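The values are calculated or read from the model by the stated rules, or taken from the named source; none is laboratory data. Given the structure is predicted, the values throughout are model-derived calculations rather than measurements. Reconstructed Cβ throughout: ideal geometry from the backbone, glycine too, with neighbour counts over all protein chains shown.
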Amino acid sequence: MYCAFTLLFPVILLVSFCMADSAYIHEHFLPCLSQHFSNSTSRSKLIYTPNDKSYFEILNSTIQNPRFSSPLNPNLCIIITHFHASQVQATVNCSQKHGIETRIRSGGHDSEGFSYVSDVLFVILDLRNLRSIKIDVDQKLAWVEDGATLGEVYYSIAKKSENLGFPAGVCPTVCVGGHFSGGGYGHLMRKYGLAVDNIIDAKLVNIEGRILDRQSMGEDLFWPICGGGAVSFGVVLSWKIRLVYVQSKVTVFSLVRNLELNETKKLVHKWQYIPINLMMIC
Ligand SMILES: Cc1cc2nc3c(=O)[nH]c(=O)nc-3n(C[C@H](O)[C@H](O)[C@H](O)COP(=O)(O)OP(=O)(O)OC[C@H]3O[C@@H](n4cnc5c(N)ncnc54)[C@H](O)[C@@H]3O)c2cc1C
């Protein structure tokens, strides 16, 4: 009997906390959001609470580390899948006002789960619907929203020009949001550097809910969001990127050599002289 009680007590405590949290969210946070959200996007497409049928589907759809795809995440109250920058501003403002933490999620590839786990009450600010990509081939520039995947970025650029590309990571489902703000390395790194070396502007919602660009945020903020993890500074909405020249035909190959065959040393030595010449041809 004693054992049963000791096991039951924490469960009851947890459930009652959740109910209290849920009531607080419904009485304060959701009405605050409703005031700010325009009628153009229906609430059902924007806000997912644990009572909604598609809540777990939305939650788990981009979680890359299966360790976190458990429905037992008691501090998560709501997932908001924004369609407009103004909705992101509203979420930031209402979270601030009602003392609720936000977790920003773009592609959900963060292995530690920073974009979908917290020790305190929180909402997920999910950017999956902010994924437009606008390309200016003549200027060799593009504006890319944070919910776009790298695959979408590469494909969109390739559709416009077979001689333009962008130097970022190799995984097509990683999103621009976490990737660019963390640096972003990939196959074109030797020639063009990291993704952040080719970012020339960004739009960010700061803690006060204001939208800033590079000029209005200043270099002291622009510099750390390009590689230092933008999540510490605000929600990045989009990035302006410089496109780079690529050959229209690319040859990819992989060569497997066994260390036991004494060939490896010779091969690695020879390889040192090849890439530099390849870069000159490009
Ligand atoms: C399979 C796989 C392959 C990978 N390949 C590469 C690679 O080739 N090169 C490379 O450099 N990296 C690679 N990575 C690492 C990847 O770039 C990072 O994990 C990146 O942070 C993922 O971004 P995301 O938006 O998909 O993830 P998320 O989990 O959504 O975000 C990651 C972090 O960034 C924050 N964040 C997301 N969006 C925003 C935003 N709009 N504003 C502010 N903060 C934001 C989140 O809160 C979280 O802390 C790979 C990861 C995986 C799982």
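Scanning region 172-190 for residues that are part of a helix (DSSP H, G or I) and in contact with a helix residue (DSSP H, G or I) (Cβ under 6 Å, 6 or more places away or on another chain) returns Phe180, Ser181.
In region 209-241, which residues are touching a residue at least 60 places away in the same chain (Cβ under 8 Å) and surrounded by fewer than 16 Cβ atoms within 10 Å (Cβ to Cβ)? Across region 209-241, the qualifying residue is only Arg210.
Being among the aromatic types (Phe, Trp, Tyr) and in a loop (DSSP other than H, G, I, E, B) is the filter; apply it to region 252-282 and report the residue that is modelled with the highest pLDDT. Only one residue fits best here, namely Tyr273.
Would a scan of region 56-66 turn up a residue that is modelled with pLDDT under 80 and either closer than 20 Å to Cys175 by Cβ or in a loop (DSSP other than H, G, I, E, B) (or both)? Within region 56-66, none of the residues are modelled with pLDDT under 80 and either closer than 20 Å to Cys175 by Cβ or in a loop (DSSP other than H, G, I, E, B) (or both). Scanning region 191-210 for residues that are away from the ligand (no atom under 14 Å from the Cβ) and either outside any loop (DSSP other than H, G, I, E, B) or β-branched (Val, Ile, Thr) (or both) turns up Lys191, Ile200, Asp201.
On the basis of being at pLDDT 95 or above, within 10 Å of the ligand (Cβ to nearest atom) and hydrophobic (A, V, I, L, M, F, W, C), does Val176 make the cut? If you could, list the steps in order and put the result at the bottom.
Values: at pLDDT 95 or above: yes; within 10 Å of the ligand (Cβ to nearest atom): yes; hydrophobic (A, V, I, L, M, F, W, C): yes.
Yes; evaluated as a whole, the condition is true for this residue.
Scanning region 231-251 for residues that are aliphatic (A, V, I, L, M), part of a loop (DSSP other than H, G, I, E, B) and farther than 29 Å from Thr81 by Cα, we see that the one that is modelled with the lowest pLDDT is Val250. Within region 85-139, if we keep just the residues that are charged (D, E, K, R) and more than 23 Å from His26 (Cα to Cα), the residue that is nearest to the ligand (Cβ to nearest atom) turns out to be Asp110.
Give region 109-137 a look and list any residue that's within 11 Å of the chain's Cα centre (by Cα) and outside any loop (DSSP other than H, G, I, E, B), or say none. Selection gives Leu125, Asp126.
Every condition in (1) near the ligand (Cβ under 9 Å from one of its atoms); (2) in a loop (DSSP other than H, G, I, E, B); (3) over 30 Å from Tyr273 (Cβ atoms) holds for Gly169 except the one numbered (3).
Among residues of region 55-70 that are under 15 Å from Val117 (Cβ atoms), those with a beta-carbon under 9 Å from a residue that is of a type in the set (Lys, Arg) and in a loop (DSSP other than H, G, I, E, B) at least six positions away or on a different chain give the pairs Thr62/Arg128.
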